[in-house]
Structure formats: C-alpha cells, structure tokens
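First up is the structure itself, then whatever we jot down about it.
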C-alpha cells in the first residue's frame with residue numbers, strides 16, 4: 001500500500017509538471033516578447049532578431065570557424081612533433097600549483113590569447129593533448145581558455161586609445177591583463193571545485209587516439225613532409241566540426257544579449273541588426289553605487305561594456321569611442337574594461353557550444369556561474385591594482 005501511495009504521488013507530480021511547464025514557458029516567452037515588441041514594435045523586433053543573427057552568422061561564426069580550423073591545424077602539428085610535451089615539461093612548475101592543470105595547458109592559453117575562445121577546444125579534442133587529464137581538469141579548460149580569449153586584440157586596442165587627459169593607456173591595459181590573469185585563476189579553480197565530485201578522477205590515458213597516424217605508413221616510417229601535411233589536414237578537419245558546433249550558441253545567446261544591451265539606431269527602430277531596448281544599462285543604473293565601489297565607475301552607463309562583453313567583447317570595444325567622447329574614461333576604466341573584457345570575452349555565446357563539443361553540456365550552468373565570478377574578480381582586482389599603483 002505504501003509503495004502504491006508513493007507511486008500515485010509521483011504520477012500526480014509528473015502530471016502536474018507536464019501541465020505546468022508549458023504554461024510557464026508560454027508566460028515567460030509572452031512577457032519577454034510582449035515587452036520587447038511594445039518597445040521596438042513587433043515588425044522591427046522580428047527584423048532585428050533575424051538581421052542580428054544573420055550578421056553574427058556571417059561576421060562572427062565564420063570568423064570563429066576560421067580560427068578553429070587554423071588553430072586546430074596548428075595544435076595538431078605541435079602535438080605531432082612533440083612541442084606539447086616540451087611545454088608540459090617547461091611550464092608544469094607554474095601551471096600545476098596555480099591552475100591545477102598539466103603544464104601543456106599553457107598552449108591553450110597562448111592559442112586563445114592570439115585567437116578566440118573556441119581554440120582551446122581544438123586542443124581538448126586532441127586525445128594526445130588531453131592524455132593524463134582527469135575529467136574535471138578537461139572540463140575546466142572551457143573556463144581556463146575563455147579567460148584568455150581575444151586577449152591580444154583587447155590589450156592592443158586598449159593600449160592605443162587616446163584619452164582627452166593625455167594619460168597613457170598602455171600601463172592601464174597591462175594592469176587589466178594582470179587582473180584578467182587573476183580572474184582566470186578564480187574561474188578555473190572554482191569550476192574545478194564545483195564539478196570534481198560530479199565527473200570523477202579517472203585519468204584519460206586509455207582513450208582511443210582519434211587523430212593518430214593513418215593506416216599505411218607508421219609515424220616513424222612516414223616522411224616528415226607527409227606527417228606535416230596529415231597533421232595540418234586532420235587538425236583543420238576537426239576545426240570545421242567545432243566551428244559548426246559553435247553556431248547555435250552564438251546565434252541564440254548573443255542575439256538576445258545584444259537585444260537587451262544596445263539601444264535604438266539613429267533613426268529609431270527600423271529593424272536593423274544590433275538594435276535593442278538597452279535594458280541592462282538601465283538596470284545597472286539602479287545599483288550604480290555598487291559598481292562605483294567594486295570598479296570605480298563614475299557613470300552607471302559604463303556597465304554596458306562588461307554587460308556587452310558577456311556576449312561579444314568585440315562589440316563591447318566599439319563602445320569605447322563614444323565613452324571617451326563623453327569624458328567618462330580614465331586609466332581606471334581602461335584597466336577594468338581590459339580585465340573584464342578579456343576574461344569574459346563573450347563567454348555566454350560560446351560556453352554552451354564549447355562544453356557541448358566536449359560532451360559535458362549539462363555542466364554549462366556551473367561553468368557560467370564560475371566564469372561570471374571570475375570576471376567580476378578580474379575587474380575588482382584591476383581596479384584595486386590601479387589604485388595601488390596610482
């Protein structure tokens with residue numbers, strides 16, 4: 001009787017959930033699109049959604065795919081000729097105590113620094129690179145690599161800005177780079193702490209090498225030129241597959257982040273790409289005192305930069321000229337923006353796809369929480385270091 005009562009209770013809960021979930025989904029979607037449509041107009045909203053997704057597909061997704069193809073080819077080449085093994089030996093004394101990762105992981109930081117977040121997955125998918133990783137270390141590569149994404153572009157852009165005060169931004173950009181490193185440690189270690197009990201400790205030593213030598217000539221017997229060619233083509237092929245895997249995350253998440261961040265165009269809402277209701281900056285103004293305390297922001301509108309960095313740091317950098325024109329930017333803002341922009345580097349638009357490519361999509365929420373905290377710590381660290389050195 002007791003078992004039957006438990007079974008009936010479970011059936012009742014399941015039935016209620018089946019009715020409740022679609023109602024809640026319809027209510028949330030109706031409220032969201034009702035608000036957006038009332039602000040932008042239904043026709044403009046729909047056109048903006050499609051145009052933004054189209055522009056992201058052409059200008060962002062294909063760019064990322066180009067990065068993954070080239071970085072995949074490079075990583076496979078470096079793996080083929082033992083460079084990864086050398087890096088592990090040289091950098092293990094630093095990587096292990098700081099990030100709790102094998103020394104070869106430094107290659108992932110270099111590749112994402114010079115390119116973008118998905119480059120780290122090109123390495124993670126190479127079974128020779130990830131040999132010796134535990135599952136929790138492998139999954140944390142998503143947070144580790146993202147913290148260095150587009151780093152060279154962000155640091156260079158910030159270091160060459162011209163402020164009305166004449167203050168040099170190069171030193172502030174370097175402070176931001178240091179802040180981003182601090183944020184990367186926080187994000188990576190926190191992610192590892194959150195997922196370690198869930199994914200286990202089994203070393204990845206016995207997996208089938210998916211990108212190994214092809215039948216025919218062995219690695220030792222094959223001429224060097226053939227090994228180079230095979231490594232480049234195999235790595236590039238894996239890059240194409242990863243570039244395709246990134247598409248849903250970029251188009252869906254980035255489109256809505258931008259819709260909530262940007263405002264109308266110069267001629268109002270006309271359905272062009274990258275328009276929106278600018279809700280995030282308005283909400284940030286409600287707690288402007290907190291952003292001043294944490295980051296030293298004197299204007300609540302400045303929160304638009306880190307908010308936009310959640311979806312696309314390239315789009316966030318485009319906000320700098322108007323901020324400078326309004327006189328809102330000092331060395332402190334440059335340092336904080338560099339740290340948060342580099343550490344976050346559009347992780348909301350790539351984390352889901354990156355974890356999906358690794359086969360751990362169910363850990364996406366934990367990765368996002370850990371990286372959000374890491375980016376905030378990066379901004380706070382950059383602000384404090386700037387005050388200390390100033």
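The values are calculated or read from the model by the stated rules, or taken from the named source; none is laboratory data. On a predicted model such as this, the values are computed, not experimentally measured, just so you know. All Cβ positions, glycine included, derive from the backbone under ideal geometry; neighbour counts span all protein chains shown.
Could you tell me whether segment 97-115 includes any residue that is outside any helix (DSSP H, G or I), modelled with pLDDT under 85 and closer than 30 Å to residue 241 by Cβ? Can you show your working first?
Of segment 97-115, the ones outside any helix (DSSP H, G or I) are 100-102, 115.
Retained after the next criterion (residues that are modelled with pLDDT under 85): 115.
Filter again for closer than 30 Å to residue 241 by Cβ, leaving 115.
Within segment 97-115 (the criterion being outside any helix (DSSP H, G or I), modelled with pLDDT under 85 and closer than 30 Å to residue 241 by Cβ), the answer is yes, since at least one residue qualifies.
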Checking residue 324 against (1) more than 23 Å from residue 162 (Cβ to Cβ); (2) touching a residue at least 60 places away in the same chain (Cβ under 8 Å), which test does it fail?
(1)
What is the residue count in segment 112-136 for residues that are surrounded by 24 or more Cβ atoms within 10 Å (Cβ to Cβ) and farther than 14 Å from residue 357 by Cα?
4
In the set 159, 172, 147, the lone residue that is buried (at least 24 other Cβ atoms within 10 Å of the Cβ) and over 20 Å from residue 347 (Cβ atoms) is 172
Can you run down the residue pairs with Cβ atoms below 6 Å, 6 or more apart or on separate chains, where the first is in segment 214-240 and under 12 Å from residue 75 (Cα atoms) and the partner is at pLDDT below 75 and assigned to a loop (DSSP other than H, G, I, E, B)?
234/211
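Please verify whether residue 291 is modelled with pLDDT of 80 or more, surrounded by 20 or more Cβ atoms within 10 Å (Cβ to Cβ) and not in a helix (DSSP H, G or I), treating the condition exactly as stated.
no
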Among 130, 85, which is the only one that is in contact with a helix residue (DSSP H, G or I) (Cβ under 6 Å, 6 or more places away or on another chain) and either assigned by TED's automatic domain parsing to the domain that holds residue 60 or part of a helix (DSSP H, G or I) (or both)?
130
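Residues in segment 79-96 that are closer than 21 Å to residue 228 by Cα, modelled with pLDDT of 80 or more and under 27 Å from the mean Cα position of the chain (by Cα): how many?
Applying the first criterion (closer than 21 Å to residue 228 by Cα) to segment 79-96 yields 79-87.
When the remaining residues are screened for being modelled with pLDDT of 80 or more, the result is 80-83, 86.
After this cut, where a residue has to be under 27 Å from the mean Cα position of the chain (by Cα) as well, the list is 83.
Of the residues in that region, 1 qualify.
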State yes or no: is residue 92 in contact (Cβ under 8 Å) with a residue 40 or more places away in the chain, in the same structural domain as residue 150 (by TED's automatic domain parsing) and surrounded by 15 or more Cβ atoms within 10 Å (Cβ to Cβ)?
no
Residues located in segment 215-263, provided they are in contact with a helix residue (DSSP H, G or I) (Cβ under 7 Å, 6 or more places away or on another chain), at pLDDT 80 or above and over 30 Å from residue 282 (Cα atoms)
227, 228, 231, 232, 234, 235, 236, 240
The lone exception for residue 253 - which of (1) surrounded by 19 or more Cβ atoms within 10 Å (Cβ to Cβ); (2) at positive phi it fails:
(2)
